[in-house]
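Only one structure is covered here, and it is reproduced in the block below.
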Amino acid sequence: MDSNDPIQVQVFSTENDALRTQIHRKLELQDLGGGKLGELEHLAIQCGLIFNTSNPSITNPCLLLYASDHGIIDAGLNPLSSNSTAKHVLDCLQGEGVINHFCNSAGLSLKLIDVGVNHSFEGTVDYWLNHGSKVLSRKIDLGTSNFAERPAMTTKMAYKAIESGQKIVENEYSRGTNTIGIGGMAIGGYWSCLTVICALYDTLPKHLINPRIKIAGFADPDPIEVISKALKRNPKSHDPLMILSMYGGFEIAAMMGSILKAAELRMLVIVDGVAGLTALALASAMVADVKEYCIVTNCSGFTQQAICDKLKMRPILNLGMLSVAGSGVALALPIIQSTLTFLNNEQ
């Protein structure tokens, strides 16, 4: 990798024994130590270590929702949605998406980034009304290629998407944001995520795919067969960038860049959905310490739980709800903020 490689970030471990002890002491003085807060104690300590203070607080939190399309749909795999990625994007632009309501309730700003939707939004009024504030165009291409036949993207495209995700985080950081949420909006992205994780951890698809998808007849042809053939047609590799290029999505690449840059800037990253977890898996395969800066939100699905197990990370929510892009971030944020009040209680 050369000196212009956007993946070359400098991420330091958050571990600080003295600060950890100080945070423990603050909780004990409120009679909240000794595990009385359960998982919230670990959450409070993690945030304190990320922000390098015993009085952590979240400022200007922003959800970065990356949207793209996937060529693997051309292999016949069911998109698992009745709407297109473009329709979901337009719903958000018009304020009619479920995630809009969640973000409004949580006081969470939303930025929608088009990195590869197979649609041109420039002709819509909603796009121009929100361009630069709510929606950003960082389109790499009109979706990825069908990875059942050829690599999903070129290495150059992968780098460009990663760099886009990094620059967006830098911009939010310059505005005083210290916490970002990441999520993906991508029809067909589920199959891409499965394949990336299979390649990264040398895992069989059947260990990741929700068996109910096949039983319910949602997928024809057999997704396990399609993914297995795609994995066999390429040489085995554990190089995250190569795996991303062969099977990934532009939204996964951009989220990967956002995670890496946020960790370098000592920001808190709230990770949502299968795509977010896949991006985290790739980022942590490059820089292991990035996991210390990340909180996993909802883990209701079979695949999400399997990826969490691979990452050895525990989610803070398990609501059994169907995935709504970015919803876990909006639902988890108030819990995190409430937890930090314990460390800012001067009593």
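Read the figures in this text as sums done on the coordinates, not as results from a lab. Computed from a predicted model, the values in this text were never measured in an experiment. With ideal geometry, Cβ positions are generated from the backbone for all residues, glycine too; neighbour counts draw on all protein chains shown.
A few notes on this one:
- The chain: most fluctuating residue of Met321, Met267, Met185 per GNM, C-alpha cutoff 10 Å: Met321
- Helix 250-264 and the longest principal axis of the C-alpha atoms of the chain enclose an angle of approximately 20°.
- GluC sites (Glu not before Pro) restricted to DSSP loop in region 241-347 with at most 16 other C-beta within 10 Å: Glu346
- Region 260-347: trypsin sites (Lys or Arg not before Pro) in DSSP coil with no more than 12 other Cβ atoms inside 10 Å: Lys312
- Degrees, to the nearest 10: 302-311 long Cα axis against longest axis of the chain: 60
- Among the chymotrypsin sites (Phe, Trp or Tyr not before Pro) within region 1-71, those in coil by DSSP and having at most 13 neighbouring Cβ atoms inside 10 Å are Phe12.
- Karplus-derived HN-Hα couplings along region 107-119 (A = 6.51, B = -1.76, C = 1.60, θ = phi - 60°), whole Hz, x at Gly and Pro: x, 10, 6, 10, 10, 9, 10, 8, 10, x, 6, 7, 6
- HN-Hα J in Hz across region 269-286 - Karplus 6.51, -1.76, 1.60, θ = phi - 60°, x for Gly and Pro: 10, 9, 9, 10, x, 4, 5, x, 5, 5, 4, 5, 4, 5, 5, 6, 5, 8
- Taking amide H as placed 1.01 Å from N in the peptide plane, Leu110 has its amide H under 5 Å from the amide H of Leu63, each at least 5 places away in sequence or on another chain.
- Hydrodynamic radius by Kirkwood, which averages 1/r over all alpha carbon pairs of region 66-186, in angstrom: 15.4
- Taking Ser228, Ser13 and counting other C-beta atoms within 10 Å, the order from fewest to most: Ser13, Ser228
- Once the Cα gyration tensor of region 58-333 is diagonalised, semi-axes √(5λ) in Å: 26, 20, 19
- Residues of type lysines that Lys156 reaches as a straight line, Cα spacing below 21 Å, ignoring anything fewer than 8 places off in the same chain: Lys139, Lys167, Lys236, Lys261
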